[in-house]
Structure formats: C-alpha cells, structure tokens
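A.B. asks: Below is the structure I would like to discuss, written out as structure tokens.
The values are calculated or read from the model by the stated rules, or taken from the named source; none is laboratory data. Values in this document were obtained by computation on a predicted structure and should not be read as measured data. In this analysis, Cβ positions are derived from the backbone assuming ideal geometry, glycine residues included, and neighbour counts consider all displayed protein chains. Surface accessibility is based on the protein's heavy atoms, side chains included, excluding ligands, DNA and RNA. Shrake-Rupley method; radii C 1.70, N 1.55, O 1.52, S 1.80 Å.
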Amino acid sequence: MNKVILMGRLTRDPEVRYSAGENSMAIARYTLAVDRRFKRDGEATADFISCVAFGRQAEFAERYFRQGIRIVVSGRIQTGSYTNRDGNKVYTTDVVVEEQEFAESKSVSDSHVGQAASMGAPAPTPSMASADGFMNIPDGIDEELPFS
C-alpha cells in the first residue's frame with residue numbers, strides 16, 4: 001500500500017501548467033513545509049515535500065491556495081528520474097495528490113497570508129470571506145468543485 005497524509009504550509013503559490021492537446025489538463029505543483037515532530041537543538045525543523053495535483057484538484061489549488069496557508073493532502077508517493085541538460089541523472093520524489101483541503105480557519109490563515117502578501121504573494125479577496133471564517137463559494141461553480 002502506498003498512502004501518505006501530510007499537513008503543512010505552502011512555501012509559495014502553486015505553479016500551474018496545462019498539458020498540450022485537445023483534452024488539456026491542469027497540473028499544479030507546490031511544496032509543503034511539514035514541521036518535524038521533534039526539534040533539533042531547540043529549533044523547529046521542517047521537511048519540504050514536493051506535491052503534484054492533476055485535473056480538478058490542480059484547478060482548485062490554482063484558484064484557492066496561496067503561499068503560507070496550511071493544508072492537508074493525502075495521496076501516494078511516486079519516484080522517477082530523468083537526465084538533465086548536463087547529462088546527469090536526477091532522481092525525483094513527489095506526492096501525487098488525491099485529496100487536499102484547508103487545515104485551518106480563514107482568520108488564522110489570513111494572518112499567515114498577510115505575512116506572505118508582504119513578501120509579494122497576492123492575498124485572497126475579502127469578498128471570499130464570511131463571518132464564520134469559511135470561504136463563500138460563488139454561485140454557478142458547483143460542477144467545478146472537487147467535492148460534493
């Protein structure tokens with residue numbers, strides 16, 4: 001069985017590209033900073049895990065995920081390799097995302113997104129927020145959401 005569950009913060013906005021061809025598909029890549037449970041010399045440490053999402057999951061990431069927010073992903077680990085321009089073999093390890101969701105309320109997330117915005121990352125618009133801290137879903141996009 002190959003199953004992984006991670007919770008961490010996005011190190012930057014997802015990078016989204018679309019495949020070529022008649023039935024193009026969104027492909028989102030992002031990196032999660034996942035805190036380690038134990039501190040080294042009293043300092044917190046983190047692992048930086050590369051994630052890739054396809055299709056609707058990628059479109060959702062493109063639309064709603066921003067640097068600094070905490071999310072939970074589940075999926076599978078996939079390894080691969082390629083030869084770079086210099087002729088060296090490069091090995092890769094990615095988490096292929098099957099499910100992803102927000103891991104904190106919008107108000108908590110806003111404080112981190114605000115910090116990210118001060119470093120140049122765009123912040124979500126205030127019209128997306130509601131009084132209870134959850135994001136309002138615009139009318140007419142029900143079929144685009146990755147969940148029911």
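A.B. asks: For the range 49-69, which positions are touching a helix residue (DSSP H, G or I) at 6+ places or on another chain (Cβ under 6 Å) and of a type in the set (Val, Ile, Thr)?
C.D. replies: The answer is Ile69, and nothing else.
A.B. asks: Any idea which residue in the range 45-63 is farthest from Ile27 (Cα to Cα), counting only those that are open to solvent by less than 80 Å² (accessible area, probe 1.4 Å) and without any contact (Cβ under 8 Å) to a residue 40 or more places away in the chain?
C.D. replies: Ranking the candidates gives Thr45 first.
A.B. asks: Given (1) open to solvent by 90 Å² or more (accessible area, probe 1.4 Å); (2) within 20 Å of Asn2 (Cβ to Cβ), identify the lone condition not met by Asp41.
C.D. replies: Here Asp41 meets the rest and fails (2).
A.B. asks: If you check Gly68 against the conditions, is it open to solvent by 50 Å² or more (accessible area, probe 1.4 Å) and on the phi > 0 side of the Ramachandran plot?
C.D. replies: no
A.B. asks: Output the qualifying pairs, or none if there are none: Cβ atoms under 9 angstrom, residues six or more apart or on different chains, first residue in the range 28-39 and under 13 Å from Val73 (Cβ atoms), second residue open to solvent by 100 Å² or more (accessible area, probe 1.4 Å) and in a loop (DSSP other than H, G, I, E, B).
C.D. replies: Hits for this filter: Tyr30/Arg12; Thr31/Arg12.
A.B. asks: Six or more apart or on different chains, Cβ under 8 Å: which pairs go from a residue in the range 64-89 that's of a type in the set (Gly, Ala, Ser) to one that's part of a loop (DSSP other than H, G, I, E, B)? Could you list them?
C.D. replies: Gly68/Ala121; Ser74/Lys3; Gly75/Lys3
A.B. asks: Which ranges mark the strands (runs of 3 or more DSSP E) fully within the range 1-106 that have 1 or more residues being touching a Cys at 6+ places or on another chain (Cβ under 7 Å)?
C.D. replies: Correct list: 26-35, 70-83, 89-102.
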